[in-house]
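Enquirer: Dumping the structure here so I can ask a few things about it.
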Amino acid sequence: MADDTTPVTDPVTDPVTEGNENDREFLEFVVKQIVKTPDAVKIERKVDEMGVLLTLEVDKEDMGQIIGKAGQTAKALRVLLRVLGSKNNARVNLKIVEPEAAQGV
């Protein structure tokens, strides 16, 4: 018999795991508007106890556009994702994969 005072996270109604991919869709939309080769944009979404991790891969030629001058574009993307995540009571982090690391070079 379950204790009624124990909080239960229902995977169907939990805002982080219920298939709520607004954060991924938002990031994909914004990044595809910035880069020159939108077909090369790949975003992977993982949910764990730390929150949501979005892993972004773009074409080697587009890395400068995503990082921006002194990292300002990447920083702005992270801030916007954090705001979107807080709306859903979730912590959203962005990892940008360097193309060399993605290809195993």
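This table checks each residue for (1) touching a helix residue (DSSP H, G or I) at 6+ places or on another chain (Cβ under 9 Å); (2) polar (S, T, N, Q).
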position	(1), (2)
Asn20	no, yes
Leu27	yes, no
Ile43	yes, no
Gly85	yes, no
Val92	yes, no
Lys95	no, no
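Enquirer: Ok, one more. What are the pairs, 6+ residues apart or on separate chains, where a residue within the range 30-45 that is in contact (Cβ under 8 Å) with a residue 40 or more places away in the chain has its Cβ under 9 Å from a residue that is surrounded by 14 or more Cβ atoms within 10 Å (Cβ to Cβ) and charged (D, E, K, R)?
Expert: These pairs meet every condition: Val31/Asp62.
Values quoted throughout were computed directly from the atomic coordinates according to the rules given, and no laboratory measurement underlies them. What you are looking at is a predicted structure, and each value in this text was computed from that prediction instead of being measured. Heads up, the Cβs are rebuilt from the backbone with ideal geometry, glycines too, and the neighbour counts pull from every protein chain shown.
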